[in-house]
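The values are calculated or read from the model by the stated rules, or taken from the named source; none is laboratory data. These figures come from a predicted structure and were not determined experimentally. Because the Cβ atoms are built from the backbone with ideal geometry, glycine has one as well, and the counts that use them run over all protein chains shown.
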Amino acid sequence: MSMTIPAILMRHTSKWLPFIDRRDKCPADECLTKTRLAFLVRIGTYRLGCFAVIALVIGCGLALRKDASEFLLYRLTYVRHLPESASTHNDVVYVLGGTPDSLKAKFQTASKLVQDGRAARMLVLSQQALMAFSPALGRNLTADEWVVENFSAFGIPADAIEFVAFEKGFFGTWSEAKGLSRFVRERGYRRLILVTSPFHSRRVWESFSRAIEQPDTGLFLYLADESAYLRHLLPEYVKLLLYRALLF
């Protein structure tokens, strides 16, 4: 004897649907509706459970990421500000490198030091690179021209900026520190003020404080107003550990 589709569904689903009794003499359409509702309830519950698990994983990940960023930034940051004594013409600011946006933040910090009378001149690493296109010149600016243009936006004239060049090495910050140490000794600068990113400051300080050859040269460090993300902090922490293991 042939059976209708609703009857077949009711027969096979009554085993796991508690509210359907095989002895019930409900109409076929009503039984099919109950089957569909039960199926939708099960699917909805499953999806809600999945969303809850995903939300929990994302929340824990964000919390751990924030804690890791705060820990690494604390370990990577170092500051040493100038005392209140007056500056002289032998006090200079050295701006460490970075991306264009990072450099602009450093320029702002360095410019304030000069404008507040804490230093007389800027020292910037000279680089052979091309920067943004200049409509006024009809060509791309060189890296040094770009530096002068951006410092002028903060009120620093070109004659207050001096470009320096060093021999590059495998350990960039360490090579920079050694080169600047020789430059400072030759010029007889009394105080050297470093300006760098917060997450780079610990490695900068440990490199420059060991490289400065003149014991009477005061070394100070200021931080630019820059954001630091985990993608910046992790590589920098690895570099710091390598410097400590191989150089210091």
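Details
To keep it simple, each residue is scored yes or no on (1) modelled with pLDDT under 95; (2) of a type outside the set (D, E, K, R); (3) outside any helix (DSSP H, G or I); (4) buried (at least 19 other Cβ atoms within 10 Å of the Cβ).
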position	(1), (2), (3), (4)
His200	no, yes, no, yes
Trp205	no, yes, no, yes
Glu213	yes, no, yes, no
Asp216	yes, no, yes, no
Phe220	no, yes, yes, yes
Glu226	yes, no, yes, yes
Arg231	yes, no, no, no
Glu236	no, no, no, yes
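- Of the set (1) surrounded by 15 or more Cβ atoms within 10 Å (Cβ to Cβ); (2) touching a residue at least 24 places away in the same chain (Cβ under 8 Å), all apply to Ser175 but (2).
- Scanning the stretch 184-199 for residues that are touching a strand residue (DSSP E or B) at 6+ places or on another chain (Cβ under 9 Å) and closer than 14 Å to Arg75 by Cβ yields a total of 1.
So that you can scan it fast, the table gives a plain yes or no per residue for (1) in contact with a Ser or Thr (Cβ under 6 Å, 6 or more places away or on another chain); (2) over 30 Å from Ser134 (Cα atoms); (3) not β-branched (Val, Ile, Thr):
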position	(1), (2), (3)
Phe151	no, no, yes
Ile156	yes, no, no
Glu162	no, no, yes
Thr173	yes, yes, no
Gly179	no, yes, yes
Val204	yes, yes, no
Phe208	no, yes, yes
Ile212	yes, yes, no
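- One residue from Arg182, Arg191, Arg139, Arg187 being crowded, with 18+ Cβ neighbours inside 10 Å, over 30 Å from Ala68 (Cβ atoms) and of a type in the set (D, E, K, R): Arg191
- When Leu103, Leu113 are screened for being without any contact (Cβ under 8 Å) to a residue 60 or more places away in the chain, under 22 Å from Ser227 (Cβ atoms) and surrounded by 18 or more Cβ atoms within 10 Å (Cβ to Cβ), only Leu103 passes.
- Residue match in the stretch 81-96 (condition: within 16 Å of Tyr222 (Cβ to Cβ), surrounded by fewer than 18 Cβ atoms within 10 Å (Cβ to Cβ) and in contact with a strand residue (DSSP E or B) (Cβ under 6 Å, 6 or more places away or on another chain)): yes
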